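Let me begin by presenting the structure, written as structure tokens, before commenting on it.
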Amino acid sequence: MRQIILDTETTGLETSEGHRIIEIGCVELVDRRPSQNHFHQYINPERDIEDGALEVHGISREFLLDKPVFADVVEDLLKFVEGSELIIHNAPFDVGFLDYELSLLGRADRVTDHASVLDTLELARDLHPGRRNSLDALCKRYEVDNSSRTLHGALLDAEILADVYLAMTGGQSDLGLSFQAAESDEHHPGEAGFGDRPALLVMEANPEEVAAHLKRIEAIQKKSGHCLWNDM
């Protein structure tokens, strides 16, 4: 299974106001493990960046002046995500911007023509209803280290989201969510690794307990007219 964790940075919040993508970051997971393969590109938006957006990501118009425009990177991007499942936090935002960029090129295709999409914000809301489910809040909840995140950046956010997504959906060994026996003894007293668990201790009921159990079943049968234990 191939999944792509994707994030974008933009000049502002609304495509209806002509805002554009300025950075795309993608991290590849293969069978729920980071493959070390990624796609990262800064993009010249050919327009100004809102002050509010600049405060969030810190990417200036001057920095982007010598970067390629979206038309120059679109084929490489679509080739990278083709046939995958895109994992995106607040997917309508990023997908909306990507679709807008495709439309500006006069293309009829959209992101979902190339890949399926899973929204981790919706997933988090299902798992944690009524709680804050921003990426920062999820990092805290799942103990994912985002200490290097002083500003938003598409590739950094994609890497962090990869850790959060795997933690939310069951974890995997590369995240440190499973432990060797020695680590379990040191950091989690009383917890052994899966391969080192002792056999379960089975204790059989003594005759007095069996008699009490049968008496209880008989009482249930008389009161309700039926006891499921008698069907076993």
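Numbers for the structure displayed
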{"read-out": "Dimensionless Rg over Rh [region 1-41; C-alpha; Kirkwood]", "value": "1.16"}
{"read-out": "Charge dipole (debye, nearest 20) of region 25-113; +1 at Cβ of Lys and Arg, -1 at Cβ of Asp and Glu", "value": "220 debye"}
{"read-out": "Amide H contacts of L86 (H built 1.01 Å from N, under 5 Å, at least 5 apart or other chain)", "value": "I4, S116, V117, L118"}
{"read-out": "Student exercise, region 2-170 dipole from Lys, Arg, Asp, Glu Cβ charges, in Debye to nearest 20", "value": "520 debye"}
{"read-out": "Packing-based ranking, highest mean first, of 121-132, 19-30 given that Cβ atoms within 10 Å are counted", "value": "19-30, 121-132"}
{"read-out": "At 1.306 mPa s and 10 °C, Stokes diffusion of region 1-155 via Kirkwood alpha-carbon radius, µm² per second", "value": "97 µm²/s"}
{"read-out": "Simple spin-label estimate for E50 and R216 in nanometres, 7 Å along Cα-Cβ", "value": "6.3 nm"}
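Read-outs throughout are calculated quantities, based only on the coordinates presented, and are distinct from any laboratory measurement. What you see is a predicted model; the values in this text were computed from it and never measured. Please note: Cβ atoms are built from the backbone with ideal geometry, for glycine as well, and neighbour counts cover all protein chains shown.
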